[in-house]
Each structure stands twice: as structure tokens, then as C-alpha cells.
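Q: Have a look at this one before I ask anything.
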Amino acid sequence: QDQLVESGGGLVQPGGSLKLSCVAPGTISNIYAMGWYRQAPGKEREFVANIRTSGHTDYADSVKGRFTISRNRVMNTVYLQMNSLKPEDTAVYYCNAVTAGWGTKYWGQGTQVTVSS
């Protein structure tokens with residue numbers, strides 16, 4: 001099945017850190033970009049960060065300076081290091097991959113991140 005697999009979510013106190021991981025199965029080839037989105041209760045899914053095969057990264061303003069996205073060399077695994085977490089970062093985090101050419105998008109099942117004291 002062509003679904004990304006996320007891991008690393010959990011409960012953390014404000015100011016703490018978490019690192020999310022996402023692996024794309026071998027059935028997905030020619031990935032151009034991978035990234036993270038999140039969806040809080042009652043809100044729409046929003047962009048968090050992405051990284052391209054070139055290494056270029058983009059971040060939402062709300063996470064700049066606190067989150068860092070990175071990838072492995074073969075571009076089938078992406079990480080999201082989240083520092084200085086705030087309660088408003090609480091959401092289900094979804095991994096996303098986009099292929100070159102047709103721009104086909106793939107998603108993971110989501111991993112819960114809860115920031116609370």
C-alpha cells in the first residue's frame with residue numbers, strides 16, 4: 001500500500017522537544033518533496049514544513065526558528081525536529097510526499113502531538 005508511515009508523536013510539556021519521522025515505502029518512487037502538515041481539533045489542515053530533493057526547505061511562520069525538517073540521502077525518510085513546543089502546536093501531524101512529473105501526493109495516517117503541562 002502506498003502510504004507513508006509516521007512515528008515519534010506523544011505527550012510533551014511546554015518548552016519540550018519531539019522528533020517525528022516518516023518513511024515512504026519502496027513502492028513510491030521519484031519523490032520530489034516531502035513535508036509535514038498538521039490539523040488541530042476543529043481546524044483545517046495546515047502546512048508546517050517541507051524539503052525538496054535539492055535540500056531547499058520552507059516553513060510556516062508559526063514554526064520558524066523552532067522546527068527543523070531534514071531528510072535522508074535517498075529522499076525516502078523525512079524528520080521533523082520540534083523544539084520549544086507550545087500548547088498551540090498540539091495537533092495530528094501528517095507526513096506528505098509529492099512525486100516529480102504528475103505531482104502525485106501521498107499521505108501518512110498521522111501521529112498525535114500533544115503539548116500540555
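The values are calculated or read from the model by the stated rules, or taken from the named source; none is laboratory data. Everything quoted here is computed from the prediction, not taken from an experiment. As a convention, Cβ positions derive from the backbone with ideal geometry for all residues, glycine included, and neighbour counts pool all protein chains shown. Keep in mind that these areas ignore ligands, DNA and RNA; they rest on the heavy atoms of the full protein, side chains included. Shrake-Rupley method; radii C 1.70, N 1.55, O 1.52, S 1.80 Å.
Q: At what distance in nm do the modelled label points of Arg45 and Ser117 sit from each other, each positioned 7 Å from its Cα along Cα→Cβ?
A: Label-label distance for Arg45 and Ser117, simple model: 3.3 nm.
Q: Here's another thing I want to ask about it. How much accessible area per residue does the chain have, counting only protein heavy atoms and a probe of 1.4 Å, in square angstrom?
A: Counting only protein heavy atoms, the per-residue value for the chain is 53 Å².
Q: Let's see if you can work this out: charge +1 on each Lys and Arg Cβ, -1 on each Asp and Glu Cβ, no other charges. What is the dipole magnitude of segment 61-117 about its Cα centre, in debye to the nearest 20?
A: Numbers: 6 positive and 3 negative charges, 44 e Å.
Value, rounded to 20: 220 debye.
Q: Quick one: which residues, 5 or more positions from Val48 or on another chain, have an amide H under 5 Å from its amide H? H modelled 1.01 Å from N in the peptide plane, none for Pro or chain starts.
A: Trp36, Tyr37, Arg38
Q: Just in segment 1-71: which trypsin sites (Lys or Arg not before Pro) are loop by DSSP and have at most 12 other Cβ atoms within 10 Å? Can you show the working numbers first?
A: Details: sites: Lys19, Arg38, Lys43, Arg45, Arg52, Lys64, Arg66, Arg71; in loops: Lys43, Arg45, Lys64, Arg66.
In loop regions of segment 1-71 (DSSP not H, G, I, E or B), the sparsely surrounded trypsin sites (Lys or Arg not before Pro) are Lys43, Lys64.
Q: Counting Lys and Arg as +1 and Asp and Glu as -1, each charge on the Cβ, what is the dipole of the chain about the Cα centre in debye, to the nearest 20?
A: 220 debye
Q: For the pair Ser54 and Trp102, how long in nm is the line joining their label points, each one 7 Å along Cα→Cβ?
A: 2.5 nm
Q: Something else now. Treat the chain as a sphere of radius equal to its Kirkwood radius over Cα pairs and apply Stokes-Einstein at 4 °C in a medium of 1.567 mPa s; give the translational diffusion coefficient in µm²/s, rounded to a whole number.
A: Calculated translational D: 91 µm²/s.
Q: From the phi angles alone, apply the Karplus equation (6.51, -1.76, 1.60; θ = phi - 60°) to segment 95-100 and give each ³J(HN,Hα) in whole Hz, x where the residue is Gly or Pro.
A: Residue by residue, segment 95-100 yields 8, 9, 9, 10, 8, 6 Hz.
Q: Whole-Hz ³J(HN,Hα) for each residue in segment 19-32, computed from phi via Karplus 6.51 cos²θ - 1.76 cosθ + 1.60 with θ = phi - 60°, x for glycine and proline: what do you get?
A: Couplings: 10, 9, 10, 8, 10, 8, x, x, 6, 9, 10, 6, 6, 9 Hz.
Q: Oh, and also: For Gly9, what charge total do you get from the other residues with a beta carbon under 15 Å from its beta carbon, if Lys and Arg give +1 and Asp and Glu give -1?
A: In short, 0.
Q: Something else now. Could you list which residues have their amide H under 5 Å from that of Tyr32, counting only those 5 or more apart in sequence or on another chain, with H placed in the peptide plane?
A: Val98, Thr99, Ala100
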